[in-house]
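Just so it is clear, none of the values below were taken in a lab; they were calculated from the coordinates. Source: prediction; values computed, not measured. Glycine also receives a Cβ, built like all others from the backbone with ideal geometry; neighbour counts cover every protein chain displayed.
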Amino acid sequence: MSNRSVDDDGRPMRTGTWVTASAHIITAVIGSGVLSLAWAIAQLGWVAGPAVLIIFSLITLFTSTLLADAYRHPDPVTGQRNYTYMDAVRAHLGGLRVRFCGVAQYANLVGVTVGYTITASISMASVRRWSCFHEGDKCHVSTTPYMIIFGSIQLILCQVPNFHKLSWLSLLAAVMSLTYSLIGLGLSIAKLVTGVEAKTTSTMVSEAERFWMICQAIGDIAFAYAYSTVLIEIQDTLKSSPAENKAMKRASLVGISTTTVFYLLCGCVGYAAFGKDAPGDLLSGSGFDHPVWLLNVANVCVAIHLVGAYQVFAQPIFSFVETSCRQRWPEVKFVTTDHQITIPILGGTSFHVNGFRVVWRSAYVAVTTVLATLIPFFNIFLALIGAVSFWPLTVYFPIEMYIARSKVPKFSFSWIGLQALSLVCLLVSLVAAAGSVEGLIQSLKMYHPFKNEV
C-alpha cells in the first residue's frame, strides 16, 4: 500500500471533513430526543424549559471542545491517535478511571441502541395506525413485529466492517432527522394558529408527581445532547489536514447550534400548541391526527434516521469487542481472519467477511431487539439513559482530561470553576436519574410483556 493511501498510523487514509462530522453529530443528536422535547418543556414551563435547553447545549459545546483536543496525546495536533473514548481516557488519566469510563460509555451505547429500537418500532407501527384512522377504524398496533423488522435491517447493516464506510448513511439520516423535525414543527405551528387555547398549567397532578416529571424532563433534555460517547470515534474519521481537533470543534459548533435551534423551535412551539397535554412522542403520540399522509412521511423519516443512528452508536461497541478479542486470541483464525467473497450479481463486488464479526454483531442486534420488546417505555427509558450518562461522559471525563493535559494547578481559579461545573452537573444527573427510575417503577406496575401497542 503506497504512503499516499495511508495515514500516519498506517491505517487507510481518512477522508472525513467537518461537513461529514457535522452530519454524524446531527444524526447522533437529533434523534428520538427531539420528539419528547415538547413534553419536557411542558413540565418545566416557559422560562425554565428553554433556559435548561440552552444551558445543556452550552455545557455540551464547551466540553466537546475539550474532548476534541483529547483525540491525540500528548499534543492535540501531532500526538499519538486515540481511536476510542476509552483510549483517550487511558492516555490522559489511566488507572481505575479507564474501567469506569468503559462501563459508563458502553452501557450508554447499549442503552441508546435499545432506545432507538423502541423509537423506530413506535414510528413504524404509527404508520399502520394512521392508516386505520384514515379508514375510519380504531386500531391498536403492536410494536413487537416492527422491532423485529428494525432488528432485521440492522443485522444486514451491522456487517459493514467499520464506521468510515457509513458516511453515506449518516448523511441520509441527517437529512431525515431535519425533515421530520420540520414536519413536527410545521404541524405544531398549524395547530397553534387554529386559535385553540392550550392550557399551560396542570392541576391534575400532585406536587410530588410534578416534581418527578420535572426530573424526568431534565433527563430527556440531557439525552437530547447525548453524543459525547461517540465524539472520538467520529473524530477518527477526519482527514489530518486541517488538524482533526480544529475540524471537530467546527463540526461540534455547527452540529450543536443546528440541533439547539431545532430543539427550541420544536419544544417551545409544541408546548405552545399543546400546553400541558403535550405528548411524550410528538409525531406518534396523541398529538396530531391529520394530515395522515404527512404524519406517515414524518414517521418513515424517523425510522430511516434511526436506522443510521443505531449504527453510529453501535459501531464503537463492535470495534471495542472485536479489537479486544483479536488482542486476546491472536492465534484463533475464526477471530482474526477475513475471507473475501465476490458477488457476481452486484457486478463482481467483493466483500471481506469475518466469521466472528458475523456471529458477534448478529448476536448483539438480537439481544438489543429482545431488550427493546421487554422495556418499551419511550420517554422514561430515554430520560434514564440521558440522566445516567450525561455527567460522566459529557462533563467529568472531558474536564479531567483537560486538567491533566494542561496541568491546571489545584485550587486555581480555573480548577475551581471546572470542578464546580462538574459537581453541579453531577447533582443534576442524580436528580434526573431519580425521577426516571420513579417513572419506570410506575410504568412497570401496568406493563404486560410483549403486549406494547400504539
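Please name which of Thr15, Thr63, Ser142 has its Cα lying farthest along the dipole of the chain towards the positive end, using unit charges on Cβ (Lys, Arg +1; Asp, Glu -1) and the Cα centre as origin.
Thr15
Subtracting the Cα-Cα distance from 0.36 nm times the residue separation, let me have the gained length for Gln159 to Val321 in nm, one decimal.
56.9 nm
Give me a comma-separated list of calculated 3J(HN,Hα) values for segment 362-368, in order, Karplus coefficients 6.51, -1.76, 1.60 applied at θ = phi - 60°, integers in Hz, x for any Gly or Pro.
For segment 362-368, the Karplus-derived couplings read 5, 5, 4, 4, 4, 5, 5 Hz, x marking Gly and Pro.
Based on other C-beta atoms within 10 Å, arrange Met86, Met446, Met124 from fewest to most.
Details: Met86 20, Met446 6, Met124 23.
Fewest to most other Cβ atoms nearby, the residues stand as Met446, Met86, Met124.
For segment 65-112, what is the relative contact order in percent, using Cα pairs closer than 8 Å and at least 6 residues apart in sequence?
23
If you take the square roots of the eigenvalues of the alpha-carbon gyration tensor of segment 60-146 and sort them as a ≥ b ≥ c, do you get rounded (a/c under 1.5), prolate (a/b over b/c) or oblate?
In terms of gyration-tensor shape, prolate.
Per 0.36 nm of contour for each residue apart, how much would the distance between Leu430 and Ser414 grow if the chain were fully extended, relative to their Cα-Cα spacing?
3.3 nm
Counting only residues 5 or more places away or on other chains, whose amide H sits under 5 Å from the amide H of Val353 once H atoms are built in the peptide plane?
His339, Gln340, Ile341
Name the longest site-free stretch of the chain, where the excluded sites are chymotrypsin sites (Phe, Trp or Tyr not before Pro) in a DSSP loop with no more than 14 other beta-carbon atoms within 10 Å.
1-410
When the chain is fully extended, how far beyond the present Cα-Cα distance does Phe334 get from Ser241, taking 0.36 nm per residue of separation?
Here the answer is 29.8 nm.
Any idea which of Leu393, Leu192, Asn354 is furthest toward the positive side of the dipole for the chain, if Lys and Arg beta-carbons carry +1 and Asp and Glu beta-carbons -1?
It is Asn354, whose Cα lies furthest towards the positive end.
Taking neighbour counts of Cβ atoms within 10 Å as a proxy for exposure, in what order, fewest first, do Met147, Met213 appear?
Met213, Met147
The chain: longest stretch without exposed GluC sites (Glu not before Pro) (DSSP loop, at most 12 other Cβ within 10 Å), sites themselves excluded?
Formally, the longest exposed-site-free interval is 1-134.
Lysine pairs, Cα distance under 30 Å, 8 or more residues apart or cross-chain: how many in the chain?
21
Only helical DSSP H runs with n ≥ 4 go in: add -39500 (n - 2.57) per run for the chain, normalise by residue count and round the 222 nm mean residue ellipticity to 500 deg cm²/dmol.
-22500 deg cm²/dmol
Find the relative contact order for the chain and round it to a whole percent, using C-alpha pairs within less than 8 Å whose residues are 6+ positions apart.
33
Which whole-Hz ³J(HN,Hα) couplings does segment 113-124 yield from phi under the Karplus relation 6.51 cos²θ - 1.76 cosθ + 1.60, θ = phi - 60°, glycine and proline marked x?
Couplings: 5, 5, x, 5, 5, 4, 5, 4, 5, 5, 5, 5 Hz.
When Arg328, Arg97 are ordered from fewest to most other Cβ atoms inside 10 Å of their Cβ, what list results?
Arg328, Arg97
If you line up the long axis of helix 378-389 against the longest principal axis of the chain, both from Cα atoms, how many degrees apart are they, to the nearest 10?
In the chain, helix 378-389 runs at an angle near 40 degrees to the longest axis.
Could you list which residues have their amide H under 5 Å from that of Gln80, counting only those 5 or more apart in sequence or on another chain, with H placed in the peptide plane?
Under 5 Å from the amide H of Gln80: His73, Asp75.
What nm distance separates the two modelled labels at Leu423 and Arg11, each placed 7 Å from Cα along Cα→Cβ?
Using points 7 Å along Cα→Cβ, the separation is 3.8 nm.
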